[in-house]
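Just so it is clear, none of the values below were taken in a lab; they were calculated from the coordinates. It should be emphasised that the depicted structure is a prediction, and the values quoted were computed from it without experimental measurement. Every residue, glycine as well, gets a Cβ built from its backbone with ideal geometry; the counts of neighbours run over all protein chains shown.
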Amino acid sequence: MSHEVEQKTPKQPAPTDDFRDLCAAAAFLMGLVVMGVFVLGLCLVFRDSVDLYSSERQRVVDEIEQFRHQHGRYPKSLQEAGIVVDEALRCSEYEVAHDAFVIELTRPRFFPPGERMWIYTSKRGTWSCHSETW
């Protein structure tokens, strides 16, 4: 009688608790990254709906009006009145017509690419807002 020894194939070791914890941590971090990208995308899309420059625009208008009260006329340029516009904005137009002025302030927009414009007309005393996409 021959005795054959049965050879058993070694079983693959079961994943350890450390490996499971590592996978759970990686999945959690991946979820955080996906959520961060989503929130960043929302901020880029909706950032123009929040007006961050209203106080700066109003400051410029107030200084123009203050110049008029002091000198009896509107300044021919912002430089004449010593008005410096915040570097985030650009004064793309300033026109004076006797007893009124129009000023246009712009800010570049990166998504979608273009420009955000605010136009103030002193006769109406209001700002209007426009966006251009390139």
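If you go through the stretch 74-125 and keep only what is within 11 Å of Arg57 (Cα to Cα) and among the polar types (S, T, N, Q), you end up with just Thr106. Kindly establish whether Arg59 is of a type outside the set (Ser, Thr, Tyr), free of Cβ contacts under 8 Å to residues at least 24 places away in the same chain and in contact with a strand residue (DSSP E or B) (Cβ under 9 Å, 6 or more places away or on another chain). So Arg59 does not fit the description; no.
Checking each residue in the stretch 73-84 for being of a type in the set (A, V, I, L, M, F, W, C) and either buried (at least 17 other Cβ atoms within 10 Å of the Cβ) or touching a residue at least 40 places away in the same chain (Cβ under 8 Å) (or both) picks out Leu78, Ala81, Ile83.
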